[in-house]
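Okay, structure first, notes after.
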Amino acid sequence: MKKTKFYNIHEKLGAKIVDFANFKMPIQYSGIISEHKAVRNSVGVFDVSHMGEIFVRGEKALDFIQHIAVNDASKLGEGRVQYSAMCYEDGGIIDDLLIYKFSDTEYMLVINASNIKKDFKWMNENNKFDVNIVDESDEYSLLAVQGPNSQKTMLKILEEDIELEYYHFIKTKAAGIDVIISRTGYTGELGYEIYFKGDQSAAEKLWNEIFKAGEEFDIAPVGLAARDTLRLEMGFCLYGNDIDSTTNVLEAGLGWITKLKKESFIGKNALLKIKEEGITRKLVAMLSKEKSFPRKDYEISQNGKPIGKITSGTVSPILEKPIALGYVQKEHSAIGNVVNFNIRGKEIPAEIIKLPFVNK
């Protein structure tokens, strides 16, 4: 198992460490609810150095990305970020990702930790554009600083003021360290992701400077468990739960990033056929008023008949109510429709609602 350059800090803070995507990662520190609320109400810091960074370089870098990703990367200017996905020929999702444009000949693709080897292999297998594809995941560390007070915290350690628009990034220095800072995140809050190369001492210096800067805001370290509850309150998909090779972008509600009018990309023909024939199931958001804890793979039913399965579920720390995402048959997917979570033989009513669960 790998360790991030912040591992010693996590241990000193008493974090509960788990094995995740071939890394030893902090799942929680003080507790999921307190960490979750720290991000919603002020500012929290996540170590997400397990994420993958794949660089694509060459004269036809854009052509390659257009070929493998469903969104239209030609719309990206330098210093812009785009959310996208990659699909197999049958339309199944390989991964969702962020595309960073440094120049016409250099892009960075940020992918899910559990998919790094698979994605990298698939990219190389589909490289018919003679671009240079390099996995630099082990060279980069990544911190996410998220919450209403994230900008006030970051401004104290940056070489220059940041007035980044959403899904933009810059190269600058933080605590004297060369960094790439993007205004992105997985929480729905104002936030920044900080990519940098450097040894353990540089990593620990940056961590300590961020926490010193955020001390007045009661900045808190946040583990992967609260990261999951935060993203679920916003209805953001998690690969391996809500999307995977057995799901497609149209039924997953990701049609907005899927540009079917774009020139041919892998999976386009399958997706065009699915769109023409109509999806048979749909990923929906469900909210219950009854005490329960919906979990992945619990059955969803209506009138005693199974109509789908939960893909992600929790009790929202903000709403203090059970929330879940799950696929249901298309005819049962309307907003306002009441379905049931089947939990240990008991049917718990839940209403299908419009995302997000928590409005920001």
Original post:
Does LYS37 satisfy being farther than 28 Å from ASP199 by Cβ and assigned to a strand (DSSP E or B)?
Top reply: no
Original post:
Does the stretch 196-204 contain any residue that is part of a helix (DSSP H, G or I), without any contact (Cβ under 8 Å) to a residue 24 or more places away in the chain and closer than 28 Å to PHE23 by Cα?
Top reply: yes
Subject >> Verdict on TYR100 being within 18 Å of the chain's Cα centre (by Cα) and part of a loop (DSSP other than H, G, I, E, B) >> reply: no
**OP:** Kindly establish whether ILE54 is without any contact (Cβ under 8 Å) to a residue 40 or more places away in the chain, part of a strand (DSSP E or B) and more than 22 Å from ALA213 (Cα to Cα).
**Re:** no
**OP:** Quick one: count up the residues across the stretch 324-360 that are over 11 Å from GLY235 (Cα atoms), free of Cβ contacts under 8 Å to residues at least 40 places away in the same chain and not in a strand (DSSP E or B).
**Re:** 8
Subject >> Residue among TYR166, TYR100 that is over 21 Å from LEU271 (Cβ atoms) and either crowded, with 20+ Cβ neighbours inside 10 Å or among the charged types (D, E, K, R) (or both) >> reply: TYR100
**OP:** Please indicate, with yes or no, whether at least one residue in the stretch 42-56 is on the phi < 0 side of the Ramachandran plot and surrounded by fewer than 17 Cβ atoms within 10 Å (Cβ to Cβ).
**Re:** no
Subject >> Subset of the stretch 305-316 that is in contact (Cβ under 8 Å) with a residue 12 or more places away in the chain and out of contact with any Asp or Glu (no Cβ under 8 Å at 6 or more places or on another chain) - its residue that is farthest from ASP228 (Cα to Cα) >> reply: ILE307
**OP:** Only residues that are part of a loop (DSSP other than H, G, I, E, B) and over 27 Å from the mean Cα position of the chain (by Cα): list them for the stretch 290-322, please.
**Re:** GLU290, LYS291, ASN303, GLY304
Original post:
Applying the selection to the stretch 205-244, what residues are under 11 Å from GLN146 (Cα atoms), of a type in the set (A, V, I, L, M) and not in a loop (DSSP other than H, G, I, E, B)?
Top reply: ALA220, VAL222, LEU230
Original post:
(1) closer than 22 Å to ASP95 by Cα; (2) under 25 Å from the mean Cα position of the chain (by Cα); (3) not in a strand (DSSP E or B): which one isn't true of LYS273, the others all being true?
Top reply: (2)
**OP:** Filter the stretch 166-175 for residues that are closer than 22 Å to PHE102 by Cβ and in a loop (DSSP other than H, G, I, E, B) and give the result.
**Re:** TYR166, TYR167
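Yes or no, residue by residue, for (1) touching a residue at least 60 places away in the same chain (Cβ under 8 Å); (2) of a type in the set (Lys, Arg); (3) under 22 Å from ALA73 (Cα atoms):
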| position | (1), (2), (3) |
| --- | --- |
| SER103 | no, no, yes |
| GLU106 | no, no, yes |
| ALA113 | yes, no, no |
| ILE116 | yes, no, yes |
| ASP135 | yes, no, yes |
| TYR140 | yes, no, no |
| LEU143 | yes, no, no |
Subject >> Answer from LEU287, LEU232, LEU271 - the residue that is surrounded by 20 or more Cβ atoms within 10 Å (Cβ to Cβ), more than 27 Å from VAL48 (Cβ to Cβ) and in contact (Cβ under 8 Å) with a residue 24 or more places away in the chain >> reply: LEU271
Subject >> The listed residue being surrounded by fewer than 17 Cβ atoms within 10 Å (Cβ to Cβ) and more than 16 Å from the chain's Cα centre (by Cα), out of GLY91, GLY77 >> reply: GLY77
Original post:
Mind checking which residues of the stretch 1-28 are surrounded by fewer than 20 Cβ atoms within 10 Å (Cβ to Cβ), part of a helix (DSSP H, G or I) and out of contact with any helix residue (DSSP H, G or I) (no Cβ under 9 Å at 6 or more places or on another chain)?
Top reply: GLU11, LYS12
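Values quoted throughout were computed directly from the atomic coordinates according to the rules given, and no laboratory measurement underlies them. Everything numeric here is computed off the predicted structure, so don't read it as measured data. A quick note on method: Cβ atoms are made from the backbone with ideal geometry, for glycine too, and the neighbour counts reach across all protein chains shown.
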